[in-house]
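Just so it is clear, none of the values below were taken in a lab; they were calculated from the coordinates. Predicted, not measured: the structure shown is a model, and the values here were computed from it. Cβ atoms come from the backbone with ideal geometry, glycine included; neighbour counts cover every protein chain shown.
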Amino acid sequence: MHTSRRAFLGAVAGTSTALAGCTGLFGGGGARVSPSGDPLESPAANAPLPDDASDRTYAAMGTGGPEVVYFGSWKCPFCAEFAVGSDRVLSLSTIVTDYVEPGNLQLTYRCLAYTTNGDPFLGQDAPRAARAGLSVWNRAPEAYWGYHEYVMANQPPESETWATTDRLVGFAESANVSDTAGVRDDLENGQFEEPVRANTSAFADAGGSGTPTLLVDGETYSPFEPDKTRQALDALAE
C-alpha cells in the first residue's frame, strides 16, 4: 500500500486513531480527464443503481451480489486517481465493468471527513464536500455517480480550501444534477452531518489504514495493490 504517499490511519494502542493528510500526487493539480475523455461518460458515472436507492443513506451502485464498501475522500488525490484510472491502480470504472454491471457485486461509497479525534480530515472544507455528496445522492441518485466522477476528474489540490458551497454547487450543475438549489440549501443548513461523522467510526471499526480503501468480505484492500484486490473481489463474486 502507498502509505507514505497516501492518507492513512495510524492505530496506537490506548489512544485515538488519527488521520494524516494526503500528499499532492498530482503536483500543481488542475483538471484531470478520464480515459474515456469525459468523466460523465465513464462506466462508473453510468453505473446501475440498486432498486432501493432512495432508501439507502450512502451512495451505492449495483443490483445484485455481496456489498463492497469504498472508503474515500473527496479531497484525496489518490481517490481521484482511483476514479480516473492509471496503470498502477485497479480503477473504479474497471470494478464497475467487471463486477458491478454483471450483477456480481454492489458497491457503497462512504466518505471520510473527520478523524477519530473529531478534527476535519484533509482540510476544514472536507466535511462540507462530504455533505454535498450525500445531498446529491439523496436529491438526485440518478446523477450521483456522474457527480462523483466529475468532481474527482476536476479535483483541485488538496492543500487548497476549495470545497466551498459555491464550488460544490457549481460541480453539481456541471454534472447535470437537477436540484442544485436543494443542494445549496442542504449545505447552508448543515444537513447530513450525522451520517458523515458515522463514516469515521465505521472505517476505524473496519481496521482501515488509508484512502482509498475497499472493504471486501470483512477485510480491507487498497486498489493500489491491484492483483491482491482483484483476487479478493473474484472470491467474493463467486
Quiz item: Tell me, 51, 185 in order of fewest to most beta-carbon neighbours within 10 Å?
Solution: 51, 185
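For 194, 41, which order do you get if you count the other beta carbons within 10 Å of each Cβ and list the fewest first? Don't skip to the end; give the middle numbers.
On the way: 194 9, 41 12.
Fewest-to-most Cβ neighbours within 10 Å comes out as 194, 41.
Can you check what the net charge comes to around residue 185, using other residues whose Cβ is under 12 Å from the Cβ of residue 185 (Lys, Arg +1; Asp, Glu -1)? The partial results should precede the final answer.
On the way: positive: 131, 139, 184; negative: 179, 186, 188.
Residues close to residue 185 contribute a combined charge of 0.
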Quiz item: So, in nm, how far is label residue 181 from label residue 205 when the simple model puts each one 7 Å beyond its Cα toward the Cβ?
Solution: 3.9 nm
Self-check item: Taking the C-alpha atoms of segment 33-237, convex hull volume expressed per residue in Å³
Solution: 105 Å³
Quiz prompt | Pairwise label distance in nanometres, residue 173 with residue 217, each label 7 Å out on the Cα-Cβ vector | solution = 4.7 nm
Quiz item: Near the amide H of residue 67, under 5 Å away, which other amide H atoms are found, from residues 5 or more places off or on another chain, if H is placed in the peptide plane?
Solution: 106
Practice problem: Compute the relative contact order of segment 33-237 as a whole-number percentage, counting only Cα pairs closer than 8 Å that sit 6 or more residues apart in sequence. | Solution: 28 percent
Self-check item: Rounded, prolate or oblate (a/c below 1.5 giving rounded, otherwise prolate when a/b exceeds b/c) for segment 57-117 by Cα gyration tensor
Solution: oblate
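Which FRET efficiency value, to the nearest 0.05, do you get for residue 225 and residue 124 by plugging their Cβ-Cβ distance into 1/(1 + (r/R0)^6) with R0 = 22 Å? Could you put the intermediate results ahead of the total?
Working: r = 31 Å, r/R0 = 1.42.
In this case the efficiency is close to 0.10.
Taking the beta-carbon count within 10 Å as an exposure proxy, list 121, 192 from fewest neighbours to most.
Values: 121 26, 192 20.
Listed from fewest to most nearby Cβ atoms, that is 192, 121.
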Practice problem: Note down the nm distance, to one decimal, between modelled labels 7 Å out along Cα→Cβ at residue 159 and at residue 41. | Solution: 3.4 nm
